[in-house]
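Participant: Input: one structure, supplied below.
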Amino acid sequence: MESPAPSGMLATTDEWAPEVMKRTERWDEGVEKSNFFVDTLLSIEGSNVLSEYPRKHALSKVDTTGSFDKVAKEHKRRGFYF
């Protein structure tokens, strides 16, 4: 698929629908948790959010080149990343 923005489609059977759709039933809770995480991430110097903020959904585009990526290159146990 090709689109100008991240998008997707989900198909399921009646058997799996209750399991798959639990996230949408608690949408506000998920957004609240996502914004809490993003707030915490922004407290780390060099981390930025590239998506609209505050979030209205739980998916976020973040830039960690000035924080986690820098540590991954310079730390003695390098190679770890966020």
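The values are calculated or read from the model by the stated rules, or taken from the named source; none is laboratory data. These numbers come from a predicted model, not from an experiment. Because the Cβ atoms are built from the backbone with ideal geometry, glycine has one as well, and the counts that use them run over all protein chains shown.
Participant: Please enumerate the residues belonging to segment 9-51 that are under 16 Å from Val62 (Cα atoms) and either in contact with a Pro (Cβ under 7 Å, 6 or more places away or on another chain) or loosely packed, with under 11 Cβ neighbours inside 10 Å (or both).
Facilitator: If the condition is that a residue be under 16 Å from Val62 (Cα atoms) and either in contact with a Pro (Cβ under 7 Å, 6 or more places away or on another chain) or loosely packed, with under 11 Cβ neighbours inside 10 Å (or both), then Asn35, Phe36, Thr40, Ser43, Glu45, Leu50 are the ones that fit.
Participant: Is it the case, given these coordinates, that Ser60 is in contact with a Lys or Arg (Cβ under 6 Å, 6 or more places away or on another chain), at pLDDT below 90 and surrounded by 11 or more Cβ atoms within 10 Å (Cβ to Cβ)?
Facilitator: So Ser60 does not fit the description; no.
Participant: Based on this model, can you work out whether Val71 counts as in a helix (DSSP H, G or I), over 19 Å from the mean Cα position of the chain (by Cα) and modelled with pLDDT of 80 or more?
Facilitator: So Val71 passes the test.
Participant: Here's a follow-up. Name the residue that is modelled with the lowest pLDDT, counting only residues in segment 1-47 that are out of contact with any Ser or Thr (no Cβ under 8 Å at 6 or more places or on another chain) and polar (S, T, N, Q).
Facilitator: Ser3
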